1. Simple spin-label model, 7 Å along Cα-to-Cβ: Ala101 to Asp50 in nm?
2. Mind sorting out which of [x] 30, 14, 11; [y] 68, 15, 11; [z] 21, 15, 12 is the real semi-axes √(5λ) of the Cα gyration tensor in Å computed from the coordinates?
3. Can you give the calculated 222 nm mean residue ellipticity of the chain, where each DSSP H run of n ≥ 4 adds -39,500 (n - 2.57) and the sum is split over every residue, rounded to the nearest 500 deg cm²/dmol?
4. Do the alpha carbons of any pairs in Lys26/Lys99; Lys48/Lys74; Lys36/Lys74; Lys48/Lys99 sit beyond 18 Å of each other, and which pairs?
5. Starting at the first residue of segment 7-23, write each ³J(HN,Hα) from the Karplus equation 6.51 cos²θ - 1.76 cosθ + 1.60 with θ = phi - 60°, in whole Hz, x for Gly and Pro.
6. To the nearest 20 debye, what is the magnitude of the charge dipole of the chain about its Cα centre, counting +1 on the Cβ of each Lys and Arg and -1 on the Cβ of each Asp and Glu?
7. For Phe4, enumerate residues with amide H under 5 Å from its amide H, sequence gap 5+ or separate chain, H modeled in the peptide plane.
Amino acid sequence: MTDFVTGVTFGGDVWTPSYVTDINQKTCIGCGRCFKVCPRDVFDLVDKYDVLDAADIDDEFEDEDDSSMVMSIKNALDCIGCEACSKVCPKDCFTHQHKAAA
């Protein structure tokens with residue numbers, strides 16, 4: 001059994017943080033909700049044409065009225081594993097992972 005990094009709430013409950021490891025930029029709509037809720041400056045909005053291949057941008061995505069932005073991970077090492085980003089994401093773009101204890 002792998003031991004994971006754990007934390008303790010103020011009330012004494014033990015919880016296991018789950019750190020962001022990936023964002024599905026193909027489904028991201030660039031709404032910025034995760035950027036606004038993140039307390040650690042982990043994310044950055046980038047131009048989707050800079051990070052996605054033309055083949056990855058389908059006709060449906062092209063027709064959306066958006067600013068051509070998607071979210072990217074700017075500083076993964078600052079993630080505290082709170083998963084607030086996933087809780088506010090309307091497209092379920094995030095992948096999280098527990099970290100093994102040292």
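1. About 4.1 nm separates the two model spin labels.
2. Computing semi-axes √(5λ) of the Cα gyration tensor in Å and matching it to [x] 30, 14, 11; [y] 68, 15, 11; [z] 21, 15, 12 gives [x].
3. Numbers: 4 runs with 19 residues, N = 102.
The per-residue figure over the chain is -3500 deg cm²/dmol.
4. Working: Lys26/Lys99 26 Å; Lys48/Lys74 15 Å; Lys36/Lys74 14 Å; Lys48/Lys99 29 Å.
In this structure, Lys26/Lys99; Lys48/Lys99 exceed 18 Å between Cα atoms.
5. Those phi angles translate into x, 10, 6, 4, x, x, 6, 8, 9, 10, x, 10, 7, 5, 10, 7, 10 Hz.
6. Working: 9 positive and 20 negative charges, 165 e Å.
I would put it at about 800 debye.
7. Close amide H contacts, sequence-distant or interchain: Ala101.
Every number here is computed from the coordinates shown, using simple stated rules; none is lab data. It should be emphasised that the depicted structure is a prediction, and the values quoted were computed from it without experimental measurement. Every residue, glycine as well, gets a Cβ built from its backbone with ideal geometry; the counts of neighbours run over all protein chains shown.
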